[in-house]
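Reviewing the structure listed below.
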Amino acid sequence: AFEVEAAASGVSVWVEEGMSIAQALKDAGVKVDVSCEEGVCGTCICDVLEGTPDHRDHFLNDEEKADNDQMAVCCSRAKSERLVIDL
Ligand code: FES
């Protein structure tokens, strides 16, 4: 599990195995726009303010993934123990 802070919402959640960041945040009352939920459409892309995402999507290209400053919260996870995202 890892921690995700939605900075603009002032909400922090734990994301357990088998649960997406988007789902964990929605359960905590944060509005998260998702569509495909499979990492394809880009609807859920958020800016990453702190931490290192573990990119699992097929939307961002390799260069964008390497920059680690945005991520698909429907399916990507974290390499760091904590992520801060702009939601
Ligand atoms: Fe489509 Fe996340 S909802 S990429």
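Laboratory data are not the source of any read-out in this text; all were calculated from the coordinates shown. This one's a predicted model, so the numbers in the text were calculated from it and none came from an experiment. Counting neighbours? That spans all protein chains shown, and the Cβs are built from the backbone with ideal geometry, glycine included.
Here Ser12 meets the list (1) within 14 Å of the ligand (Cβ to nearest atom); (2) in contact with a strand residue (DSSP E or B) (Cβ under 6 Å, 6 or more places away or on another chain) almost entirely, failing just condition (1). Consider Asp54 carefully, then state whether it is without any contact (Cβ under 8 Å) to a residue 24 or more places away in the chain and among the acidic types (Asp, Glu). When the stated conditions are applied, Asp54 does not pass them.
Taken over segment 56-87, the criterion of being within 11 Å of the ligand (Cβ to nearest atom) and either surrounded by 21 or more Cβ atoms within 10 Å (Cβ to Cβ) or part of a strand (DSSP E or B) (or both) is satisfied by Asp57, Phe59, Met71, Ala72, Val73, Cys74, Cys75, Ser76. For segment 20-52, the tally of residues that are loosely packed, with under 14 Cβ neighbours inside 10 Å, of a type in the set (Asp, Glu) and either touching a helix residue (DSSP H, G or I) at 6+ places or on another chain (Cβ under 6 Å) or assigned to a loop (DSSP other than H, G, I, E, B) (or both) stands at 1.
For segment 1-19, residues that are part of a loop (DSSP other than H, G, I, E, B) and not polar (S, T, N, Q) total 8.
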